[in-house]
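Structure first, then comments.
Computed from the coordinates by the stated procedures, all read-outs in this text should not be read as laboratory data. No experiment lies behind these values; they were computed from the predicted model shown. Cβ placement follows ideal geometry from the backbone for every residue including glycine, while neighbour counts extend to all protein chains displayed.
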Amino acid sequence: MKVFLVAGARPNFMKIAPLVEALRARAQAFPELETMLVHTGQHYDSRMSDEFFRDLDMPEPDIHLGAGSGTHAEQTARVMVAFEKICLEQKPAMVVVVGDVNSTLACALAAKKLEIPVAHVEAGLRSHDMRMPEEINRRCTDIISDLLFTTERLADRNLLREGCSRRRIHFVGNTMIDSLHRHLERALAQPLPASLDAGAYGLLTLHRPSNVDDPATLRGLLQAINQVAERIPIVFPAHPRTAQRLAGIPLQDGLLVSEPLGYLAFLGLMARARMVLTDSGGIQEETTVLGVPCITLRENTERPITCSMGTNVLAGTDPRQILEAALRVLDSPLPKNRIPEKWDGRAAERIADHLMIWLKRRSTDRRSQARVNRRRPGEAIAQPNR
Ligand code: UD1
């Protein structure tokens, strides 16, 4: 019984790593189980992929699809074609996808059309903004998934409202936070760059097409950040998409642009930052658990629990509002954070338990089906003793 665990892009790796470990640990008790890690190749630069595998102690992928970049349709289609081929060859009993990137939807769709059951980890999150490619990916993946593993109770309610049966939904917690718990100590052991003091710098990430593809929007955002960088240094590990667009934009000396960072280096920087500015989804969750103030440079979030319980503030994309929000954070004491329910480092264990129950049931069903098929026509079915 093969289970494919699929990852394709940077934010997938920390979500899938704890699942690889939890499922492989169960193989002894269930020898039929074979877990295979599939990398779609959506992210391929060493700093966007290989470094994460090393930092997260992940085994090499069993299968690499090498899909690469392209338009949304090209990328999604390339992953689908390659993934369908390996599904036909390997015949997995289950495909597990995580998050909301193009690889998530592509693999879910290819598998489902081959009648292979699909489990979606991080199901039910909704920004209610259909201009976001991730929102389209999330909704389409959820509709076709057999098992929906959620990170917060609001996600369950979103799914129920959309007509998913309760039977498919399991509130398990957050596997990205499993990775954080597991690796935080090692991340904190990484030395800070000489020019930075713990608690006295900011950290910036920007990669969302709506923020970086239009030169005027990106320039406006960076003007606001430049002003914040006059107060404290801000480290800016730039995503390749963003790095390509920085030329010609004036940057303050205090804004320290770097290459993308690996998992441990980034987590170590984030955990000791005075504040994080980001348009990422996952970073809103990580800062919530770390108790680091987060200013989200977006108009909406699919992770509202990070605002209601955590340290996250939605500042939008208006440069004046971003500057105001950042200065307010710098002039206030650190906010109190609460840890959302089940973000306790054990989400992957819960998912693995659900998957095992599901797979064992399927294995038993298959055996009884095989027995029925082997019976000759007209042969009586043995009746239990009365
Ligand atoms: C993708 C996800 C986004 C996630 C982000 C994290 C989708 C729709 N988007 O966006 O949800 O937050 O990953 O990074 O799936 N590139 C490289 N090297 C790489 C990867 C990308 O140079 O290893 C460059 C290419 O020019 C590429 C561009 O970055 O065209 C964008 O990459 P892509 O995977 O299409 O989307 P992301 O913006 O990374």
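Below, the figures for the structure above:
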{"item": "Residues of type lysines that LYS15 reaches as a straight line, Cα spacing below 21 Å, ignoring anything fewer than 8 places off in the same chain", "result": "LYS2, LYS342"}
{"item": "Burial ranking of peptide ranges 101-108, 52-59 (average Cβ count within 10 Å, highest at the top)", "result": "101-108, 52-59"}
{"item": "Mean shadow area of the chain over all directions, Cα convex hull, nm²", "result": "21.9"}
{"item": "Length released on extending from ALA216 to HIS354, taking residue separation times 0.36 nm less the Cα-Cα span", "result": "44.9 nm"}
{"item": "Residue with peak Gaussian network fluctuation, the chain [Cα springs, cutoff 10 Å], from ALA93, ALA27, ALA194", "result": "ALA194"}
{"item": "Length-normalised contact order for the chain - Cα pairs under 8 Å, 6+ apart - percent", "result": "15"}
{"item": "FRET efficiency for GLU185 and SER332, using Cβ-Cβ distance with R0 set to 35 Å, rounded to 0.05", "result": "0.75"}
{"item": "For GLU259, net neighbour charge (Lys/Arg +1, Asp/Glu -1) across residues whose Cβ lies under 14 Å away", "result": "0"}
{"item": "Global form of the stretch 7-99, assessed from the alpha-carbon gyration tensor, a/c cut-off 1.5", "result": "oblate"}
{"item": "Nonlocal amide H pairs with TYR201, under 5 Å, H built at 1.01 Å", "result": "ARG274, MET275"}
{"item": "nm² value of the averaged projected area, convex hull over the Cα atoms of the stretch 90-143", "result": "3.5"}
{"item": "Average projection area in nm² (convex hull over Cα atoms of the stretch 189-330, one quarter of hull surface)", "result": "7.7"}
{"item": "Centroid-to-centroid separation of the stretch 106-164 and the stretch 20-94 [C-alpha atoms, Å]", "result": "19"}
{"item": "For the chain, with +1 on Lys and Arg beta carbons and -1 on Asp and Glu, the positive-most of ALA111, LEU184, LEU359 along the dipole", "result": "LEU359"}
{"item": "Full-extension gain in nm, ARG241 to ILE143, via 0.36 nm per residue minus C-alpha separation", "result": "32.3 nm"}
{"item": "Gained length - ASP365 relative to ILE339, 0.36 nm times residue gap less alpha-carbon distance", "result": "5.4 nm"}
{"item": "FRET efficiency, HIS128 to PHE30 (Cβ-Cβ, R0 45 Å, nearest 0.05)", "result": "0.70"}
